[in-house]
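These notes are about the structure you will find just below.
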Amino acid sequence: MRNDSCVPVTVISVRPFHDGDEAAFRRLNEEWIEKHFGMEEKDRLTLNDPAGQILKPGGQILIAVAECGPVGCCALVPTGAGAFEIAKMAVAENYRGQGVGRKILDYAIAQARAWGANRLYLETNSRLANAIHLYESVGFRHIPPERVTPSPYARADVFMEMLL
């Protein structure tokens with residue numbers, strides 16, 4: 001369901017991905033990626049097959065829902081024993097600045113802890129100052145350049161982790 005005419009409200013729930021959420025997951029991510037950067041091959045692989053790229057390897061996709069349908073999303077992608085990457089986090093433009101991103105991120109962190117994870121990792125871009133501030137505010141810390149693993153994304157220039 002599209003959320004273009006959806007009026008922001010305070011009631012947002014976060015839930016696991018359901019069959020049928022593929023289009024919303026793709027749309028939410030394509031909107032912000034195209035606005036700021038442009039789609040890359042890794043984006044296409046993940047968004048064309050979220051079940052195969054995220055869910056089947058043991059990850060989870062979270063969907064933030066308002067009365068009108070999905071308005072945000074985030075993925076927990078397994079990266080090793082006890083480690084997950086926070087990836088493909090997006091909030092519909094008309095819902096930004098209202099705490100939706102924080103709610104999704106808090107849910108993702110709680111889910112990772114419940115699974116016994118000991119580390120969360122993320123990649124972002126220095127132009128996304130609001131996102132970086134959000135990540136820092138919940139406890140993510142910048143990784144020194146000598147510890148950064150090469151990214152499949154050309155746009156990635158900020159690397160962060162949270163030890164759980």
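The values are calculated or read from the model by the stated rules, or taken from the named source; none is laboratory data. Everything numeric in this text was worked out from a predicted model, so none of it was measured. Cβ coordinates were reconstructed from backbone atoms using ideal geometry, including for glycine residues, and neighbour counts include every protein chain displayed.
A few remarks follow.
- Number of the exception - Gln53 against (1) polar (S, T, N, Q); (2) in contact with a helix residue (DSSP H, G or I) (Cβ under 7 Å, 6 or more places away or on another chain); (3) outside any helix (DSSP H, G or I): (3)
- Some residue of the range 62-74 being at pLDDT below 95, over 19 Å from Ser151 (Cα atoms), among the small types (Gly, Ala, Ser) and in contact with a Lys or Arg (Cβ under 8 Å, 6 or more places away or on another chain): yes
- The range 61-116 - residue that is aliphatic (A, V, I, L, M) and assigned to a loop (DSSP other than H, G, I, E, B) and, of those, surrounded by the most Cβ atoms within 10 Å (Cβ to Cβ): Ala92
- Looking only at residues in the range 117-164 that are touching a Ser or Thr at 6+ places or on another chain (Cβ under 8 Å) and in a loop (DSSP other than H, G, I, E, B), the one that is surrounded by the fewest Cβ atoms within 10 Å (Cβ to Cβ) is Asp157.
A quick yes/no check of all residues on (1) closer than 28 Å to Val11 by Cβ; (2) without any contact (Cβ under 8 Å) to a residue 60 or more places away in the chain:
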site: Cys68; (1), (2): yes, no
site: Ala75; (1), (2): yes, yes
site: Ile109; (1), (2): yes, yes
site: Val158; (1), (2): no, yes
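- Subset of the range 6-53 that is in contact with a Lys or Arg (Cβ under 8 Å, 6 or more places away or on another chain), within 23 Å of Ala110 (Cβ to Cβ) and among the hydrophobic types (A, V, I, L, M, F, W, C) - its residue that is surrounded by the most Cβ atoms within 10 Å (Cβ to Cβ): Phe25
- Selected residue (criterion: nearest to Ile63 (Cα to Cα)) from residues of the range 84-138 that are of a type in the set (Asp, Glu) and touching a strand residue (DSSP E or B) at 6+ places or on another chain (Cβ under 7 Å): Glu85
- Figure legend. Inter-residue proximity from the range 84-97: first residues farther than 15 Å from Gly69 by Cα, second residues aromatic (Phe, Trp, Tyr) and part of a strand (DSSP E or B), beta-carbon distance below 8 Å, spacing 6+ or different chains. Indicated pairs: Phe84/Tyr121; Glu85/Tyr121; Ile86/Tyr121.
- Residues of the range 21-34 satisfying the condition of being part of a helix (DSSP H, G or I), in contact (Cβ under 8 Å) with a residue 12 or more places away in the chain and not aliphatic (A, V, I, L, M): Glu22, Phe25, Arg26, Arg27, Asn29, Glu30, Glu31, Trp32
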